[in-house]
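Reading through the structure tokens given below for one structure.
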Amino acid sequence: MENILKIIYDKTLNNSILNLKDIEKILELLVIEKELNNYILNINVQNIRGINLASYSNYTKKITIYADMIHQMINDIENSILNINDFEITLYKNLSILQVLLHEIEHANQQKIAYNENSLEALIIRLSYLVKNGYDEKLYEYCPEERLAEIKSFEEIISLIGNINNKLTVLPDIIETEKLKRQLGGYHYRNFFVSVPIVDYFTIGNKKDLLAALELSSNIQEKYELNDRFKFGFPISVSEYSISMKKLILSLNTNFNNRINIK
Amino acid sequence: MAVKTLADFDNDYQAYADYLESAECTNDGEYDVIADQYGNVYTPTEGDWTKGHGHKNENTNYDRPSDSKDSYGRDWKNPWLKYAGKLNLTLAEVEFLGLLHDDKQNNQVKVFAKKRQLSKKNKFKVK
């Protein structure tokens, strides 16, 4: 990952945003490093405006990047971020593009994990494949594959910028906030309870029976650390939700303008 | 026969996942019919899911024979990264988190929430 950090860092020093050539180079390096040659066969860039930043097809093994949406994301960062110097703004924009790439790479990696690793994560991914969520937008925030790809990609970025933390002031906190936002994705407070993303996913996806395979017993909070429960969309307590969500909101309000939407 | 658990596979997650995806598991669960949210209804061939399954769509009246090659395996889907720059909160969450009464929070949150409340009240009155 150090060579990817170098590409991003050098670009940022020149006050430049990653271009298509850089994106292809980074994807190539990630495929080699994560040994995903059998899972990513093609990269495609499209200028379509919609709601998608990028996608990965398990069937064609192709990553598609939607350039217009990436551009919109960069503009949004420019317009919403507060109290940060120019170098860190540019770095944040470039790291946000990297996160999109890491997210799609993780979907390819999930294919590898699902059929090669003997782990709880592999089981969850395979169960998730059994839900046909392609047509149901509301399932997105609960989908274990999507949540895992988001959280793991931010974990990688946190680890990556650990190498240059001494050069940064507020960006590490902002990236932590981004990760926390993804960790809390799919959890909602309703009628004195906090909903459970993995339960909502299989329930709405009409595969509630599969939940039995996950053994979500009452002692789950003792069995798994909070970070693991966040990652897998397992139950969290009302106080864990409250503390984490308040931390997230405080950080969003400190570092951004207009990043909270009340429905 | 009852559906097996992870313990039956000595905590071998891969073997367990293979089983859960299999027709054997569907037989063990004694399912006669499986329906999904898209109106697809599946039935086993001769009462045995290992022999494939038929498909009937109640919405379109489309029928697929049980010996169709599509009666085996499963569909792949296309994971996508949806752009969501903002954190979405419901009014109940805003109230629970005490954002309306916490001076440390940004005024914007309070203003948004109050506007939403007012607009909802007004809509109710109009109706």
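What follows is calculated from the coordinates using simple rules that are stated; it is not laboratory data. Remember, it's a predicted structure, so these values are computed and weren't measured experimentally. For neighbour counting, all protein chains shown are included, and Cβ atoms are generated from backbone atoms with ideal geometry for every residue, glycine included.
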Env charge @ residue A:112, Cβ radius under 11 Å, K,R +1 / D,E -1, value -2
I'd like the FRET efficiency for residue B:5 and residue A:14, computed as 1/(1 + (r/R0)^6) with the beta carbon distance as r and R0 of 56 Å, rounded to 0.05. 0.45
For a distance above 17 Å, tell me the whole-number percent of Cα pairs in region B:31-73 that qualify. 22
Computed over the Cα atoms of region A:84-216, what is the ratio Rg over Rh, Rh following Kirkwood? 1.03
What does the charge count around residue B:1 come to, taking other residues whose C-beta lies under 10 Å from its C-beta (Lys +1, Arg +1, Asp -1, Glu -1)? -2
One finds the C-alpha centres of region B:1-45 and region A:102-133 to be spaced, in Å, by 18
What distance in nm separates the simple spin-label points at residue A:258 and residue A:208, each placed 7 Å from Cα in the Cβ direction? 4.2
To the nearest 20 debye, what charge dipole does chain A have about its Cα centre, counting +1 at the Cβ of each Lys and Arg and -1 at the Cβ of each Asp and Glu? 480
Peptide-level mean, for B:5-14, of C-beta atoms on other protein chains within 10 Å: 3
5 Å-binned pair-distance histogram of chain A (Cα, whole percent): 1, 5, 12, 16, 19, 17, 14, 10, 5, 1, 0
Work through the residues other than residue B:43 whose Cβ is under 12 Å from its Cβ and net out their charges, Lys, Arg +1 and Asp, Glu -1. -1
For chain A, with a Gaussian network of springs between Cα atoms less than 10 Å apart, report the residue from A:88, A:35, A:176 with the top mean-square fluctuation. A:35
Cα pair count fraction exceeding 14 Å, expressed as % - region A:1-81: 69
Listed residues A:164, A:51, A:84, most fluctuating in chain A (Gaussian network, C-alpha, under 10 Å): A:51
Rounded to the nearest 500, the 222 nm mean residue ellipticity computed for the protein assembly as shown from DSSP H runs (n ≥ 4, each -39500 (n - 2.57)) alone is -15500 deg cm²/dmol
Could you run the Karplus curve 6.51 cos²θ - 1.76 cosθ + 1.60 with θ = phi - 60° over region A:163-179 and give me ³J(HN,Hα) per residue in whole Hz, x for Gly and Pro? 6, 10, 4, 5, 9, 10, 10, 9, 4, x, 5, 5, 5, 4, 4, 4, 5
Contour minus Cα-Cα distance for residue B:69 and residue B:51 (0.36 nm per residue): 5.3 nm
Counting partner chain Cβ atoms within 10 Å of every residue's Cβ in A:252-263, what's the average? 6
With each label point set 7 Å from Cα along the Cα-Cβ vector, what nm distance links residue B:34 and residue A:41? 2.6
Estimate the FRET efficiency between residue A:191 and residue A:59 by the formula 1/(1 + (r/R0)^6), using the beta-carbon distance for r and 45 Å for R0, to the nearest 0.05. 0.65
Relative contact order of chain A, please, whole-number percent, based on alpha carbon pairs below 8 angstrom and at least 6 residues apart. 18
